[in-house]
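Working notes for the structure below.
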Amino acid sequence: MKPAPFGYARPGDWPEALSLLRDGARPLAGGQSLGPMLNLRLAQPATVIDLRHLPGFAGVAVQDGYCRIGAGTSHAEIEDGAIPGRLGAILAGVARRIAYRAVRNRGTIGGSLAHADPAADWVAVLPCFDGAAIALGASGERRIPLADFVLGLMETALRPDEVLRAIELPVLPPEARWGHWKFCRKPGEFSKATACVLAVPGEPPRAVLAALDMPPLVIADAGALLAAPEAEAARIVAGLALRDPWRAALVRTALHRAALAAWEMEE
Amino acid sequence: MSRMPIRMTVNGKAAELVAEPRTHLADLLRGALLLTGTHLGCEHGVCGACTVELDGIPARSCITHAGACDGAAVRSIEGFDADPVMAALREAFSAEHALQCGYCTPGMLITARDIILRLPDADEARVREELSGNLCRCTGYRGIVHAVLRVLAERRGTAP
Ligand SMILES: Cc1cc2nc3c(=O)[nH]c(=O)nc-3n(C[C@H](O)[C@H](O)[C@H](O)COP(=O)(O)OP(=O)(O)OC[C@H]3O[C@@H](n4cnc5c(N)ncnc54)[C@H](O)[C@@H]3O)c2cc1C
Ligand code: FES
Ligand code: FES
């Protein structure tokens, strides 16, 4: 299980990273997905570009009601509270259930989103927030709504000459309600079905269903789900026409439980 | 493919190596530095046998390749001889029968030490959750969980 030979580049600034990218090199962040793919020879890049030493790759900044999370911010940093307030508390709870601490120490939120495994936790959860992925290319930064970022199995809206620079999420009021359910048989496993529900006062509640072998399904107005969780979860999942009944049951139950979890917080 | 110079601090000492960028850290430690305490199980991040401390925090050495390690500080199981938490864990692993073949043990110890320092109030459920990224084929985990709980209790000054 040794990788095919590859070259290694460590750019000192973003323009250099982008020019290496245009030459066809593969970005490397935490290596927690790319590393296994290299070892299994599922990925055989000629060169990897190590993004970890680029200025501002990791880190969190709050400005004008938005929280900008550097793509290189690790799952463990988020678990340990790098993001302030209610948003940070919600994301810390998600981060803690990703893989294992040794993997979370190096794996990054941006690497996970760019990898676009439909069963990955950030892929499932981030579209529930009305935020954007910030892509960086030769002509500067471009905002891609998170609901439109993952296009399919390991396919994203990033262009080949762009890197994911950051993720921008709206700061949440303390009253924001959140429910999240991830089905896996062993802690730290990839999800078999994930659902999450976010209800911010004064806005239509949002929900996401994920780990479906297709891009996450965003429900932009989940009011009916909060009003009648069980019936509405059944209706939504019936509409997906999933082939396996056990799968449909898992997805329906995840959505139902996520809605209940968001609901119960109100009491 | 061309080789590159890699400078690391390994167990407190400077190491200057020349390696192919594709060589992973576990092979650098085992092959180039003859530090064979780091074990390899799955070589794709799942089993935890290869866990070392990389820049002060646990990491999988099988999926971190040489280039990314240039300039890093690495601590493998051989680097914890004088560490008091590891000394307590060694005692507890022995008392609680937390190993049989010992293959998983270096990774278990490095994970266990991180649990003790990061989560001093962890209960049994949390210890089991935190150990879930380290696979053991022999012990059934009970002894390992008890060993970690024993050291946590010792440090809190309570009986296990
Ligand atoms: C044992 C194990 C269990 C796991 N369990 C889970 C789990 O339960 N849930 C979960 O969500 N994940 C899980 N993961 C995956 C983990 O979360 C990875 O950290 C994550 O998927 C990738 O992040 P990374 O920073 O390591 O990216 P890398 O592995 O470095 O890169 C992944 C891919 O994204 C590209 N890329 C990385 N960063 C950028 C960027 N900024 N711009 C453009 N492209 C980029 C790379 O070219 C590569 O194709 C697990 C991993 C392991 C090894
Ligand atoms: S050998 Fe590295 S995790 Fe299994
Ligand atoms: S003691 Fe044999 S694998 Fe754990």
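You will find that of B:Arg75, B:Arg22, the residue that is of a type outside the set (A, V, I, L, M, F, W, C) and under 19 Å from A:Leu28 (Cβ atoms) is B:Arg22 and no other. Would you confirm, using the coordinates I've provided, whether A:Pro145 is open to solvent by 10 Å² or more (accessible area, probe 1.4 Å) and touching a residue at least 24 places away in the same chain (Cβ under 8 Å)? So A:Pro145 does not fit the description; no.
The set of residues in the range B:125-160 that are away from ligand 2 (no atom under 16 Å from the Cβ), within 14 Å of chain A (Cβ to nearest Cβ) and in a helix (DSSP H, G or I) comprises B:Ala125, B:Arg126, B:Val127, B:Arg128, B:Glu129, B:Val145, B:Val148.
Residues that are touching a Leu at 6+ places or on another chain (Cβ under 7 Å) and near ligand 2 (Cβ under 6 Å from one of its atoms) within the range B:43-67 comprise B:Cys47, B:Gly48, B:Ala49, B:Cys50, B:Cys62, listed in sequence order. Looking at A:Pro187, A:Pro245, A:Pro201, just one residue is open to solvent by 60 Å² or more (accessible area, probe 1.4 Å), within 14 Å of chain B (Cβ to nearest Cβ) and away from ligand 3 (no atom under 16 Å from the Cβ), and that residue is A:Pro187. Going through (1) in a helix (DSSP H, G or I); (2) surrounded by fewer than 23 Cβ atoms within 10 Å (Cβ to Cβ); (3) out of contact with any His (no Cβ under 6 Å at 6 or more places or on another chain); (4) within 13 Å of chain B (Cβ to nearest Cβ) one by one, A:Pro36 falls short only on (3). Within the range B:151-159, can one find any residue that is farther than 18 Å from B:Pro58 by Cβ, open to solvent by less than 10 Å² (accessible area, probe 1.4 Å) and out of contact with any strand residue (DSSP E or B) (no Cβ under 7 Å at 6 or more places or on another chain)? Checked against the condition, which is being farther than 18 Å from B:Pro58 by Cβ, open to solvent by less than 10 Å² (accessible area, probe 1.4 Å) and out of contact with any strand residue (DSSP E or B) (no Cβ under 7 Å at 6 or more places or on another chain), the range B:151-159 yields at least one hit. The single condition among (1) open to solvent by less than 50 Å² (accessible area, probe 1.4 Å); (2) farther than 20 Å from A:Val48 by Cβ; (3) within 7 Å of chain A (Cβ to nearest Cβ) that B:Thr64 does not meet is (2). Of all the residues in the range B:74-102, those that are assigned to a loop (DSSP other than H, G, I, E, B), open to solvent by 10 Å² or more (accessible area, probe 1.4 Å) and over 20 Å from B:Leu33 (Cβ atoms) number 6.
Could you please give the count of residues in the range B:28-48 that are more than 12 Å from ligand 1 (Cβ to nearest atom) and either open to solvent by less than 10 Å² (accessible area, probe 1.4 Å) or without any contact (Cβ under 8 Å) to a residue 24 or more places away in the chain (or both)? Residues that pass the stated criteria total 10.
Per-residue answers, yes or no, for (1) within 14 Å of chain B (Cβ to nearest Cβ); (2) among the charged types (D, E, K, R); (3) in a helix (DSSP H, G or I):
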residue: A:Gln44; (1), (2), (3): yes, no, no
residue: A:Val48; (1), (2), (3): yes, no, no
residue: A:Arg52; (1), (2), (3): yes, yes, no
residue: A:Phe57; (1), (2), (3): yes, no, no
residue: A:Gly72; (1), (2), (3): yes, no, no
residue: A:Arg86; (1), (2), (3): no, yes, yes
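Just so you know, in the range B:99-111 the residues that are away from ligand 2 (no atom under 14 Å from the Cβ) and more than 8 Å from the chain's Cα centre (by Cα) include one that is farthest from B:Leu152 (Cα to Cα), and it is B:Cys101. Residue-level check: of (1) part of a loop (DSSP other than H, G, I, E, B); (2) within 12 Å of chain A (Cβ to nearest Cβ); (3) over 27 Å from B:Ala19 (Cα atoms), B:Pro120 misses just (2).
The values are calculated or read from the model by the stated rules, or taken from the named source; none is laboratory data. Since the structure is predicted, the reported quantities are computational estimates derived from the model, not experimental observations. All Cβ positions, glycine included, derive from the backbone under ideal geometry; neighbour counts span all protein chains shown. Ligands, DNA and RNA are excluded from the accessible area calculation, which covers all protein heavy atoms including side chains. Shrake-Rupley method; radii C 1.70, N 1.55, O 1.52, S 1.80 Å.
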